[in-house]
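Have a look at the structure below before the remarks.
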Amino acid sequence: MTVSYPAFDPNQIFDLLVIGGGINGVGIARDATGRGLRVLLVERDDLASHTSSASTKLIHGGLRYLEYYEFRLVRESLQERERLIRIAPQISWPLRFVLPQPEGGRPGWMIRIGLFLYDHIAGRHSLPKSHGVNLRDPNWGKGLKPGLSKGFVYSDAWVDDARLVVLNAIDAAQRGATILTGTAVSGAEQQGDAWAVTLEPNADAPAPAIAAPCTVRARTIVNAAGPWVASMLGSLSGAQRDGAIKLVKGSHIVVPRIYPGDHAFILQQDDGRIVFTIPYEGEFTLVGTTDVAVGEEERARPKISAEEIAYLCAASNRYFERQIAPADVVWTYSGVRPLFDDGQEDAKAVTRDYVLKLGRAEGPQVLSVFGGKLTTYRRLAEHALDDLKPWLQGSGDAWTDTVPLPGGDLGTGGFAAFLQQARERWPFVPAQTMERMAHAYGTRIAMILGEAQGWQDLGSDFGGGLTEAEVRYLQAYEWARSAEDVLWRRSKLGLTAVPDMAEKLAFWFKANA
């Protein structure tokens, strides 16, 4: 397999240097490269290694944001939900949500008004509208406690968050962007009409993209460092500190499946918060999220606390017949959200909207990204490049709203027809593995399976449906450098991994560095 992405040339003058390989960074890099700009993206760790792989895996308008009068955010999010389902159909799809109405919860009239707004605030959309349901109907209420009889159903969508990041990075690289993982920005200063940016290999990252420190020049910088956005401004000489962030940890637990059905639940809690339960990876249920204000010390490796696990178990147990306890938890993950500090004391009330701040009154410009959510990343990128247009001479127009992400060109029959075609072309691939790979790679699955006539043609078998052919593809085209990259970000095979799978992968990467 030959890597076809641009090689790093430290002598090139870049139009735009993006700091951060989360969803906002890669979204901006993709959009900018498609507008004809020379782009370098630098990520200290792996793509989506922090907040962007620790979401609730939803593309949604944010029903609860209506309570905080965030009408613009909800409207934009719902419009983006429609676009993302169209441009990334392999990794995103509609999901129905059941909202039980417990005694003492939000009154029915308030929920009906909220759902009416949710259905109509963004104009026409393709998903089914909301309606009331009798939870005694097993199609909606099976698994719930008997005392719950009234509820509502509405539509949103699910997405594989880490793969959304990677697909944007792939598209950016295919269009000419340079992507460096395992590479840190240690400082930048003005040098004439450009920034001189110092890059260093991250000694803690597997296979950093550069071997030694170097300096590159860029006319403009985007600071999309997520939880590090404010501290990164301190490394950019002369950049103004305008804006602050509130770091809020969101934690999730994964447990064996709590209830049947393909729908999710949105559960009202006594403290005014809501918790989602979502079907996850076939045999599990995802439960989340929490909102806990944290300090800078938790940015790099946030961990769920015993109190958060207990809270999420109790939130689920209030509604479902199948009770869960901390001992039932098979996996947890936490992410620190870099929310724009709007002065709210309550973490759940802090705005999820994004704020873009220009950092220089004159000279080469830097734009910093505060806040934001997964759903609105594409629109955020458009706004960022609009703000930077005076400093990006020759930049083209916005283009990302209709162009599929890599692998998303599934054809007129959609995912179901594509999956059937893939099964007919490669009948030797087990059904569950084929469905996983079709969702992960879409039409790019041919780059892995190619002309193989049997499972043995795909090289070493790591177990769980993972072969050497797939790992080689992930290394060559998706910047995977470790077992963790493969098992927990490029896939979720870590949930069902055979005992020595991680060790085999680690040995493979060491032998094929």
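The values are calculated or read from the model by the stated rules, or taken from the named source; none is laboratory data. Values in this document were obtained by computation on a predicted structure and should not be read as measured data. Glycine gets a Cβ as well: all are built from the backbone with ideal geometry, and neighbour counts include every protein chain shown. Accessible surface areas use protein heavy atoms only, side chains included; no ligands, DNA or RNA. Shrake-Rupley method; radii C 1.70, N 1.55, O 1.52, S 1.80 Å.
Got a sec? What order do Arg75, Arg352 fall in by accessible area at 1.4 Å, biggest, i.e. largest, first? If you can, show how the numbers build up before the last one.
Working: Arg75 110, Arg352 15 Å².
In descending accessible area the options line up as Arg75, Arg352.
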How large, in percent, is the carbon and sulfur part of the accessible surface of region 443-513 at a probe radius of 1.4 Å? 53
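Counting other Cβ atoms within 10 Å, keep those with at most 11, restrict to DSSP loop, and tell me which GluC sites (Glu not before Pro) in region 424-469 are left. Working shown, then result.
Values: sites: Glu424, Glu435, Glu451, Glu468; in loops: Glu451.
Counting only loop positions with at most 11 other Cβ atoms within 10 Å, the GluC sites (Glu not before Pro) in region 424-469 are Glu451.
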Of the listed peptides 470-480, 114-124, what is their order by residue-averaged count of other C-beta atoms within 10 Å, with the highest listed first? 470-480, 114-124
Could you look at region 213-345 and say what percent of its accessible area is carbon and sulfur, using a 1.4 Å probe and all protein chains? 49
For region 1-119, what % of the accessible area comes from carbon and sulfur atoms, probe 1.4 Å? 56
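From Cα pairs below 8 angstrom and at least 6 apart in sequence, can you work out the relative contact order of region 1-58, rounded to a whole percent?
Working: 53 pairs, mean separation 20.4, N = 58.
The value is 35 percent.
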Might you tell me the accessible area per residue for the chain, computed with a 1.4 Å probe and given in Å²? 40
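Where the eigenvalues come from the Cα gyration tensor of the chain, what are the semi-axes √(5λ) of the equivalent ellipsoid, largest first, in whole Å? Write out the running numbers ahead of the final one.
On the way: eigenvalues 253, 171, 93 Å².
Those come to 36, 29, 22 Å.
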Over the chain, the sum of -39500 (n - 2.57) across DSSP H runs of at least four, divided by residue number and rounded to 500 deg cm²/dmol, gives at 222 nm -8000 deg cm²/dmol
Could you check the simple spin-label distance between Leu117 and Asp328, using points 7 Å along Cα→Cβ, in nm with one decimal? 3.4
Which whole-angstrom value gives the distance between the alpha carbon centres of region 226-240 and region 88-166? 39
So what is the relative contact order for region 72-159, in percent, with contacts set as C-alpha pairs under 8 Å and at least six apart? 43
Taking a cut-off of 21 Å between Cα atoms, list the lysines near Lys303, but don't count ones fewer than 8 places away on the same chain. Lys57, Lys246, Lys249, Lys348, Lys373, Lys492
So, with points 7 Å from each Cα along the Cβ direction, the Arg72-Ser4 label distance in nm works out to 4.1
Virtual spin-label span in nm between Lys129 and Ala212, 7 Å along Cα→Cβ: 6.7
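Excluding His120 itself, calculate the net charge of residues whose Cβ lies under 13 Å from the Cβ of His120, where each Lys or Arg counts +1 and each Asp or Glu counts -1. Can you show the working numbers first?
Values: positive: Arg75, Arg112, Arg124, Lys129; negative: Asp119.
Around His120, the surrounding residues sum to +3.
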What's the FRET efficiency of Leu358 with His263 using the Cβ-Cβ distance as r and R₀ = 41 Å, to the nearest 0.05? 0.40
For Cα pairs less than 8 Å apart in space and 6+ apart in sequence, what is the mean separation divided by the residue count of the chain, i.e. the relative contact order in percent? 20
Set the Förster radius R0 to 60 Å, insert the Cβ-Cβ distance between Glu103 and Ala196 as r into 1/(1 + (r/R0)^6), and round the FRET efficiency to 0.05. 0.40
Separation between Cα centres of region 433-499 and region 273-308, rounded to whole Å: 27
Order these peptides, 273-281, 42-50, by their mean beta-carbon neighbour count within 10 angstrom, highest first. 42-50, 273-281
Considering the dipole of the chain built from charges on the beta carbon (Lys and Arg +1, Asp and Glu -1) around the Cα centre, which of Tyr473, Ala452, Gly151 is farthest to its positive end? Gly151
Compute the separation of the alpha-carbon centres of region 13-58 and region 383-410 and state it in Å as a whole number. 13
